[in-house]
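The values are calculated or read from the model by the stated rules, or taken from the named source; none is laboratory data. Quantities reported herein were computed from a predicted structural model and do not represent experimental measurements. Please note: Cβ atoms are built from the backbone with ideal geometry, for glycine as well, and neighbour counts cover all protein chains shown.
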Amino acid sequence: MSVVAALRAATMPADRRERAVLDEAAKREVRRAVLTAVAVPGYQVPFGSREMPVARGWGSGGLQITLGIVGPDDVVKVYDQGEDGGVNAANLRRLIRDSEGVETTTDPRAATVIQTRHRVPEDELTEGQTLVLQVPVPEPLRGVERDMTELRRMHAEMDYARMWVSLYEDIVRNGVITRTTGYPCLVDGRYVIATTPIPRWDVPPLHDAKHLSLFGAGREKRIYAIPPHTDVEPLTFDDVPFEVEHAEQPCEACGSVADDGRAASYLVELPRADGTSRWVCSDTDWCTRQQVVNGRLAADAVEPLEEL
Amino acid sequence: MGYVAAKGGFEAIRAAEDLVRRRRAQADSAEVELDQIIDHFPALVDRVMGEGGLWDQRTAARAIRQAGGDVIEAAHIIRAHRATLARIGGCRPVHADEIDVLRRIVPAFREPPGPQLLGVTPDYTGRLLDSEDDRLAPPAVHDDQPQTATGQPAPSPAIRVGSRLLDVLRTMGELVDRRSTADPEPEDITRIPARPGAPRSALLSTMARAETGALVQLWYRNILGPDRNLHEVTLGEVRHGRLPVEMRHPHTGLPVRIGEVRVTEVEALEDLDGADEDRTKFDAGYGLVPGHNERKAIAMANLDIAVSRDNGASPLEQSVLMTTDGLDASGFLEHLKLPHYVTFRSMMERKQAMRRAAAAREARGDDESAGIPEVVA
């Protein structure tokens, strides 16, 4: 046996999977950071973020959280922009499955852990489910301050005055608050967080939720959390209602409408060359199920996502 | 239209991976052996070991071959490989005076104490493409130089240098003494992310595995460009050599040599000229990087003293700590290739809201400067 093989045999658990991507000590570090984050909702906990097989900025933080918290009985959904079938989500799902041996699914109702890039499921999640969000930039005050020492002070002293001024100036200049995704929210009345680039549509489901939301920023090496049943308030003024991205027409595929007659889910635009557009649900799994419910698709016509 | 659950993801990945394999298989030339990469591209191997943060030539060569020569890709493969390895311990701290030098120059003096060894360097060769004759010419064999049993020139033995320039300058009273015992245990940046205000060991560790070009560019901005945190730097020691790696034996408690690494070490002497500085003396920056990578070690030493002099006045420390890692920078840059249509849709929605608000303002004949306009949903 070579020296390297001997060292490996001595330091790795015997049941370690061959394609394991993160060693057990690292997983423990991630879990400790997660526990700290859950104990202090909204606080950005620094952690020894490891380099992953996916590049920095491509979900290495979300991936570390998922790898750190899953056990063999977990069922994992991974999706990106609401789509399970995209290349990045497929790659991450394969990595997680091969590294940890968990089952995977596209149905959020069946998943115990959902790793997501920039969407929250249209389905309401329940107790025992964990949403792991991939975070490119965890710092909500980045637009008003660049110095990291000053940013630390602002969070530590709950001094968010410059953020409020910037929102006010936004309205004066533009007539509306122009924050797009990653809307800044006050968590548990204490820390302002960046809700990652999820659309404003996805902010209300974070408030007083039954599920746990974990936010992983691998490149910036921070983890933060929204425990279940925690207040999440988008920063806005008393006379300026928080606005989400409504679509005036329903999804072309499933046709689902809310009580106000507008689309029942977050839609994305598919432009045509002539400048007109089609609008469809971002959440492809939800959309497929609504198509069945709304009689547009036969239940037995739904093909499961092919696994690598 | 039918349902949109795209099944393309796995097929696309499979096709992409197949393309890579096919390109390799269809190449006319033979596949490159690891020994060839190690023997003939030593600078590349050293750079990847340095930016990957793992000393093992064969692993670096594997990563280079797998990455098709892309340095940052190779460094990424190395770092991700590190993440799969359990850490079994730490080595005995080694003093840089234990370097056995293969190359040593001291620009600050014509004849410093101790030997100067030009060593292996392309610095004084002409940068012209080799002719075939030049390339194939065998090395000269001189009678007074060491030879192997078969009459080939033997590699020069490494030399332990008796002194270093910083100590000489200190004895001459030329150097500000910034030596500190305040942070005896180096901060491990792979466990505690470095942030402004971190100890100097974190700054040096960050630079030791930073992307070479990032440090060079940051140096250039400082010496000639907009940043100007450097005045006039002269180099002291510039060394390339071998350092022993020793661990404490778990049973005997005695140090055991388990191997060696090569490093490049640089001292940078700054001519102090600041209003609040001791302008009668010099101050020094220090650079140490894995492998033979002189431009990186020189940039590192320069930036070390630049950050110290800057003392938080400018964003320099934050720039070094937060923007010089090759994987972080490239990964984040290239993430722009990922689908962003959810966020883009949200941006378009706000643009429409802004246009509606502007139109409503105009319809009302509102003066834009007359305070907060009525918000239109």
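Okay, here's what the table says:
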item: Qualifying residue in segment A:106-123 (condition: more than 14 Å from the chain's Cα centre (by Cα), touching a residue at least 12 places away in the same chain (Cβ under 8 Å) and within 13 Å of another protein chain (Cβ to nearest Cβ)); result: yes
item: Extreme residue, modelled with the lowest pLDDT, among residues of segment B:139-190 that are farther than 30 Å from B:ASN311 by Cα and surrounded by 15 or more Cβ atoms within 10 Å (Cβ to Cβ); result: B:ALA158
item: From the options A:GLU307, A:GLU245, A:GLU269, residue that is facing another protein chain (nearest Cβ under 9 Å), in contact (Cβ under 8 Å) with a residue 40 or more places away in the chain and surrounded by fewer than 20 Cβ atoms within 10 Å (Cβ to Cβ); result: A:GLU307
item: Residues of segment A:42-53 satisfying the condition of being crowded, with 23+ Cβ neighbours inside 10 Å and within 10 Å of chain B (Cβ to nearest Cβ); result: A:PHE47, A:SER49, A:ARG50, A:GLU51, A:MET52
item: Selection status of B:ARG191, within 14 Å of another protein chain (Cβ to nearest Cβ) and free of Cβ contacts under 8 Å to residues at least 40 places away in the same chain; result: yes
item: Yes/no for B:GLU334 being within 14 Å of chain A (Cβ to nearest Cβ), more than 27 Å from B:ILE99 (Cα to Cα) and acidic (Asp, Glu); result: yes
item: Residues within segment B:24-79 that are under 17 Å from B:LYS296 (Cα atoms) and among the aromatic types (Phe, Trp, Tyr), tallied; result: 1
item: Enumeration of residues in segment A:2-52 that are part of a helix (DSSP H, G or I) and over 18 Å from A:LEU214 (Cβ atoms); result: A:VAL3, A:VAL4, A:ALA5, A:ALA6, A:LEU7, A:ARG8, A:ALA9, A:ALA10, A:THR11, A:GLU24, A:ALA25
item: Residues of segment B:46-65 classified as within 12 Å of another protein chain (Cβ to nearest Cβ) and surrounded by fewer than 23 Cβ atoms within 10 Å (Cβ to Cβ), total; result: 5
item: Residue that is surrounded by the fewest Cβ atoms within 10 Å (Cβ to Cβ) [pool: residues in segment B:206-246 that are β-branched (Val, Ile, Thr) and farther than 30 Å from B:ILE258 by Cα]; result: B:THR234
item: Some residue of segment A:57-67 being within 20 Å of the chain's Cα centre (by Cα), at the interface with another protein chain (Cβ under 8 Å from one of its Cβ atoms), farther than 30 Å from A:LEU151 by Cβ and not in a strand (DSSP E or B); result: no
item: Selection within segment B:74-114 - part of a loop (DSSP other than H, G, I, E, B), among the β-branched types (Val, Ile, Thr) and away from chain A (no Cβ under 14 Å); result: B:VAL94, B:ILE99, B:VAL106
item: Any chance A:ASP98 is assigned to a helix (DSSP H, G or I) and of a type in the set (Asp, Glu); result: yes
